[in-house]
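*Asks:* Take a look at this one; I'll ask things after.
No value in this document is a laboratory result; all are computed from the given coordinates. None of these values were measured; they are calculated from a predicted model. A quick note on method: Cβ atoms are made from the backbone with ideal geometry, for glycine too, and the neighbour counts reach across all protein chains shown.
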Amino acid sequence: DVDRTPSVRGGKNRRSGGTLRAVCVRNIKGSALTVATATHGLVLGFVAATTDGTTGRKAACQVSGASLAEGDWAGVGDPELGTTTVADDDLFWLIIGGPVNIYAEGAIGTGVGAVADAGTDGHAIAADAANVIGGLLGIALHDIEDNSVGLVHLCVNY
């Protein structure tokens, strides 16, 4: 977790310096997949089953987009990828551990869990008893206001 922007050595913003955990996944959407914006990564769900019926390890390494139900098993597209989209059938990093910026629909308080939000926009919502279905994305590191970007420490069970 470091600032990789090209700048003079002393002019870089300091970050946590902590380790990010990511898995290499394949875009199987059938077209280019938006994985991040300029300010945050999108919540992208792992494929529950592939079109040929494959499940298990192969499905856990494939992503087809941000079309999610609340609490789906998901990770966050790498906002440091250098581009916001990934070509069809291409590989990219999906972050599953460590600090990363996400977009919250609805406020998420400090220390509150975040889960995937229903829809196709790649956002997250605060976890509660009704929506922790597939798994927790992570824990908010500060108060995130409604409809804004904030830092979450991901802890996806992978």
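*Asks:* Taking 25 Å as R0, compute the FRET efficiency from the Cβ-Cβ separation of LEU141 and ALA32 and round it to 0.05.
*Replies:* 0.20
*Asks:* What spacing in nm lies between the two simple spin-label points modelled at ASN157 and SER67, each 7 Å away from Cα in the Cβ direction?
*Replies:* 2.6 nm
*Asks:* Something else now. If you take the Cα Rg of segment 69-152 and divide it by 2.2 N^0.38 Å, with N the number of residues, what do you get?
*Replies:* So segment 69-152 has a normalised radius of gyration of 1.06.
*Asks:* I need the peptides 30-40, 136-146, 117-127 ranked by packing, meaning the mean over residues of other C-beta atoms within 10 angstrom, with the highest value on top.
*Replies:* 117-127, 136-146, 30-40
*Asks:* Please report the net charge: other residues with Cβ closer than 12 Å to the Cβ of LEU42, K and R +1, D and E -1.
*Replies:* -3
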